[in-house]
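Take a look at the structure below.
The values are calculated or read from the model by the stated rules, or taken from the named source; none is laboratory data. Keep in mind it's a predicted model, so treat the numbers as computed, not measured. So basically every Cβ, Gly included, is an ideal-geometry build from the backbone, and we count neighbours across all protein chains shown.
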Amino acid sequence: MRVYRLLATKAAVDKLGGRGISTKEAEQLSRNRHVTVRNPRDARQDSERRILIGRTDGGRYLTLVIERTDDPSVWLIVTGWPATTNERTILDG
């Protein structure tokens, strides 16, 4: 699965901002090396949400919860946070 474009809703912008993450930074992840994995907190196999782990242009590691749209290459940002050590390991693995 490839994420070509990330879009942030107003709610996502507020959540990201609360964690010191700009929308611009979050949107950079789709253009840089990243991985997507199933959301371990969502037990539904058919879930429309995934976790995207990647790096910004400035080298900052971020983790985003993203949700599928009707266009398979465009995903909505639900929320995000600075990547944990374990999440960084998944990306750099």
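Can you name every residue in the range 40-66 that is surrounded by fewer than 17 Cβ atoms within 10 Å (Cβ to Cβ) and modelled with pLDDT under 95?
Restricting attention to the range 40-66, the residues satisfying the condition of being surrounded by fewer than 17 Cβ atoms within 10 Å (Cβ to Cβ) are 40-49, 57-60.
Once the filter is applied, which keeps residues that are surrounded by fewer than 17 Cβ atoms within 10 Å (Cβ to Cβ) and modelled with pLDDT under 95, the range 40-66 yields Pro40, Arg41, Asp42, Ala43, Arg44, Gln45, Asp46, Ser47, Glu48, Arg49.
Please find, within the range 67-93, the residue that is farthest from Tyr4 (Cα to Cα) out of those that are part of a loop (DSSP other than H, G, I, E, B) and at pLDDT 95 or above. Let's see the steps before the verdict.
Of all residues in the range 67-93, those part of a loop (DSSP other than H, G, I, E, B) come to 69-73, 83-84, 93.
Filter again for at pLDDT 95 or above, leaving 83-84.
Values: Ala83: 20, Thr84: 24 Å.
For the range 67-93, the residue satisfying everything is Thr84.
The set of residues from the range 1-28 being modelled with pLDDT under 95 and in a loop (DSSP other than H, G, I, E, B) comprises Met1, Arg2, Val3, Tyr4, Thr9.
Pick from Ile21, Ile53: which is touching a residue at least 12 places away in the same chain (Cβ under 8 Å), in contact with an Asp or Glu (Cβ under 6 Å, 6 or more places away or on another chain) and of a type in the set (A, V, I, L, M)? Can you show your working first?
On the way: Ile21 fails: in contact with an Asp or Glu (Cβ under 6 Å, 6 or more places away or on another chain).
Answer to the check: Ile53.
In the range 75-92, of all residues being in contact (Cβ under 8 Å) with a residue 24 or more places away in the chain and not hydrophobic (A, V, I, L, M, F, W, C), the one that is surrounded by the most Cβ atoms within 10 Å (Cβ to Cβ) corresponds to Gly80. You will find that of Val37, Val13, the residue that is surrounded by fewer than 16 Cβ atoms within 10 Å (Cβ to Cβ), over 21 Å from Asn86 (Cβ atoms) and aliphatic (A, V, I, L, M) is Val13 and no other.
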